[in-house]
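Quick notes on the structure that follows.
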């Protein structure tokens, strides 16, 4: 029995690392995809393919999607916060900055989520550890963006600001996502992706005329990998881990994703980080870890 439990834990931890790798690799896939595919078209295809795949997974599980208009309105609002705006901003931003920097800047979701909850909803306790995480994470972002603000006031700085704005959108989506309690966890994911596709496909047709494009094979393969692996498969793993490791344990991918994503960008895109960016990376990882790793509770000594 004990060996079986250890095996199950090992499997779940391996899936956690896989999830961090899939989400960390998404920035490299985006960088390769936007080489010949415009940002809105790339994200429209990503949401459509991933949404249909998740819908197929739900059908195989015997889970049906909600049909009432009120729920789909919430799906649409979640789509705007979780995919339409942030994914498009990241895709556009990566036209001007490296995937490794996008990985670091976009990893601070837990920090902005905490700041927003502390200011708006106030449903989380403010602890010294979380305050330390906020300070460390924001210092890391300022180290990266601040230096570029001095050296480059052009498109690079605007792109970095867009990626940070995408992170704030994720934080808002995380707070709004609390309203989907009672639904199968995969329903909001599939529903918001399909709702996002309904917005992005017309925008792509009007603004970027995708039918006239001639994307490269590497961009098409990157798009498929982004949709199938970094979106649909990642969501499937995520919802399994929510059930096995719990929501707190699953958040560990937030700080694992950063070094993994940077390593993938460096290995496959040949990118390099400045010394300041490396320091910023360390600060962000430290800050996100402080925000997401649960504090140990003191052991209770039973009276003899």
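The values are calculated or read from the model by the stated rules, or taken from the named source; none is laboratory data. Source: prediction; values computed, not measured. Positions of Cβ are backbone-derived with ideal geometry, glycine not excepted, and every protein chain shown enters the neighbour counts.
Brief remarks on what is shown
- Search result, residues across the stretch 230-242 that are under 15 Å from residue 87 (Cβ atoms) and more than 12 Å from the chain's Cα centre (by Cα): 232
- Those residues of the stretch 131-156 which are at pLDDT 70 or above and over 15 Å from residue 284 (Cβ atoms), in sequence order: 131, 156
- Considering the stretch 241-304, the qualifying helices (runs of 4 or more DSSP H), each wholly inside and each with 1 or more residues that are over 25 Å from residue 185 (Cα atoms) and modelled with pLDDT of 75 or more, run over 253-269, 275-292.
- Of all positions in the stretch 76-85, none carries a residue that is assigned to a loop (DSSP other than H, G, I, E, B), at pLDDT below 90 and farther than 25 Å from residue 219 by Cα.
- Residue identified as buried (at least 20 other Cβ atoms within 10 Å of the Cβ), assigned to a helix (DSSP H, G or I), at pLDDT 80 or above and in contact with a helix residue (DSSP H, G or I) (Cβ under 9 Å, 6 or more places away or on another chain) among 203, 173, 195: 195
- Taken together, 10, 35, 44, 20 contain a single residue that is in a helix (DSSP H, G or I), out of contact with any strand residue (DSSP E or B) (no Cβ under 8 Å at 6 or more places or on another chain), more than 16 Å from residue 205 (Cα to Cα) and in contact (Cβ under 8 Å) with a residue 24 or more places away in the chain, which is 20.
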